[in-house]
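The values are calculated or read from the model by the stated rules, or taken from the named source; none is laboratory data. Quantities reported herein were computed from a predicted structural model and do not represent experimental measurements. Note that we place each Cβ from the backbone using ideal geometry, even for glycine, and neighbour counts take in every protein chain shown.
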Amino acid sequence: MDPWIIAATSAAAIAAVNWYFFLAPKSSATAHDAPDGTQLVTIAVEGGYAPSEIRVRRGAPVRLVFDRKEKSPCSEELVIGALGVRRFLKPFEKTAVEFTPLESGSFDFTCGMNMLRGRIVVEG
């Protein structure tokens, strides 16, 4: 096979992977209030996080429900470093993570391999 075709195909594959993991458009959601006053968001976990950006209010309890819809080993662990959270997400089950944000700012969450990424934006 022609080396130029191999090089062009390889470059296209690298560009596609980088776009998917680092440049793809992010979906966003604002938490809604559950009947108990907790800010609630359900996040689908399937090749990424959807929504991948979550907006919450400072000072009110938050419940993020991670709904893992796959068996991929990449999505089996959730890490929210700033909150000290490391949680195993069972395949095809929902896992709740609860906290009360005391500071405004952005806090990243990732998979254990640091390939899937999301962000919690605390406002107020």
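Pick from SER72, SER106: which is farther than 13 Å from GLY47 by Cβ, hydroxyl-bearing (Ser, Thr, Tyr) and more than 12 Å from the chain's Cα centre (by Cα)?
Going through SER72, SER106 in turn, just one is farther than 13 Å from GLY47 by Cβ, hydroxyl-bearing (Ser, Thr, Tyr) and more than 12 Å from the chain's Cα centre (by Cα): SER106.
The rows are residues; the columns are (1) touching a Phe, Trp or Tyr at 6+ places or on another chain (Cβ under 6 Å); (2) modelled with pLDDT of 90 or more.
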position: ILE5; (1), (2): no, no
position: ALA29; (1), (2): no, no
position: THR42; (1), (2): no, yes
position: SER75; (1), (2): no, yes
position: ARG87; (1), (2): no, yes
position: THR95; (1), (2): yes, yes
position: ARG117; (1), (2): no, yes
| query | Among PHE66, PHE92, PHE107, which is the only one that is free of Cβ contacts under 8 Å to residues at least 60 places away in the same chain and in a loop (DSSP other than H, G, I, E, B)? | reply | PHE92
| query | Under the condition of being over 15 Å from PRO73 (Cα atoms) and hydrophobic (A, V, I, L, M, F, W, C), which residue from the stretch 98-124 is surrounded by the fewest Cβ atoms within 10 Å (Cβ to Cβ)? | reply | LEU102
| Among (1) surrounded by fewer than 11 Cβ atoms within 10 Å (Cβ to Cβ); (2) of a type in the set (Asp, Glu); (3) at pLDDT 95 or above, which single condition is ASP36 missing? | (3)
| request: Just give me the residues in the stretch 34-63 being in contact with an Asp or Glu (Cβ under 9 Å, 6 or more places away or on another chain), outside any loop (DSSP other than H, G, I, E, B), touching a residue at least 60 places away in the same chain (Cβ under 8 Å) and over 17 Å from PHE88 (Cβ atoms), in sequence order. | output: ARG55, VAL56, ARG57
